[in-house]
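Quick notes on the structure that follows.
What follows draws every value from the coordinates through simple rules; no lab data is involved. Treat the numbers as computed from the prediction; the structure is a model and nothing was measured. Quick reminder, even Gly has a Cβ in these numbers, built from the backbone with ideal geometry, and neighbours come from all protein chains shown.
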Amino acid sequence: MELGLKGKTAVVTGGSRGIGLETARAFLQEGANVAFCGRNQKALDEALEALSPLGNVLAIKADATSQEDMERFALETAQRFGGIHCWVNNVGASIKRADEQYTPDEIRKTVAVCFESAVYGCQTAFKYMKDTGGAIVNVSSLAARCGTAGRSTLYGPLKAAVRELAVMFAAEYVAYNIRVNTVLPGFTMTPTVERTISPKELAYNEEGTLLRRMAKPEEIAWPIVFLCSNKASYITATSLEVSGGRSVVLNPGFSYEKDI
């Protein structure tokens, strides 16, 4: 399907790994110019090397929790490609502290990376889209609908806030022909998940999913890109869950039990 993104410019924060990297790749495959950022220079360099053969791509070291960094990132992108048409806020982190209280510093850091980054991203994108229109997608999480006690004590509520933030910005930006939506990924086999989640917990999550498997990062990326495209022109203030049917019925294994 031709998504109408050829020649447009897409921004992806946290684009050097996982869902962000695959989102950048998908935009490039649709003919868009892509700029992505991250805080780890080595990861940025590796991602840039992998993506460069696919099209016009720019990698910039920037911290999505810094308004100053986001404005610099956007300016460099617009100077390089002539404008910004799509912006994907793809930053978040969970601090697992099931047996302890969060410290004030941990609360501040989690709020910054999970919520403030989306605020700065949306506001920065607006500055470059208010005269031309565009699309913004916030990457939230299935934890916004059904939290994981201990692992996402703050992450889930903050990702729920990111979802509602998209609704508010959609209402504020609609007169400028800017659409704002949210994607809620389920458990996805990103490098971070593979490194930090035990095989036992991964298996448990797969058993609770109708599709009986985890998502590949590209399976989250393409819905994000679709929401940024002309094919989604009548979709705004909407949340799209991409979870493989996780935690939606009490007996997800029913259809696999052939003797029932």
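Structural remarks
- Cα pair distances of the stretch 17-76 binned at 10 Å [whole percent]: 24, 55, 21, 0
- Largest-first ellipsoid semi-axes for the stretch 175-260, taking √(5λ) over the Cα gyration tensor eigenvalues, angstrom: 30, 17, 10
- Cβ-based exposure ranking for SER247, SER229, in which fewest neighbours within 10 Å come first: SER247, SER229
- Span from the the stretch 121-159 Cα centroid across to the the stretch 13-46 one, whole angstrom: 17
- Across the cross-link table entries LYS8/LYS127; LYS42/LYS200; LYS6/LYS216; LYS61/LYS127; LYS8/LYS130; LYS6/LYS159, which are compared at the Cα atoms, the separations over 23 Å belong to LYS42/LYS200; LYS6/LYS216; LYS6/LYS159.
- Exposure proxy order (Cβ contacts within 10 Å, fewest to most) of GLU71, GLU207: GLU207, GLU71
- Residue ranges 5-14, 45-54 sort as 5-14, 45-54 when ordered by packing (mean number of other C-beta atoms within 10 Å per residue, highest first).
- Look at THR65, THR182 and count the other Cβ atoms within 10 Å of each Cβ; fewest to most, that gives THR65, THR182.
- Cys residues of the chain counted as unpaired, since no other Cys beta-carbon is under 4.7 Å: CYS37, CYS114, CYS122, CYS146
- Computed from backbone phi with θ = phi - 60° and the Karplus coefficients 6.51, -1.76 and 1.60, the 3J(HN,Hα) list for the stretch 143-157 is 4, 6, 9, 9, x, 10, 4, x, 6, 10, 3, 9, 4, x, x Hz; x is used for glycine and proline.
- Spacing of the two label points (7 Å from each Cα toward its C-beta) at MET189 and SER255, in nm: 2.1
- Legend: calculated FRET efficiency, ARG72 to LEU202, from the Cβ-Cβ distance at R0 = 35 Å, rounded to 0.05, equals 0.40.
- At 1.002 mPa s and 20 °C, Stokes diffusion of the stretch 9-162 via Kirkwood alpha-carbon radius, µm² per second: 135
- Over the chain: Rg over Rh, Cα atoms, Kirkwood Rh: 0.97
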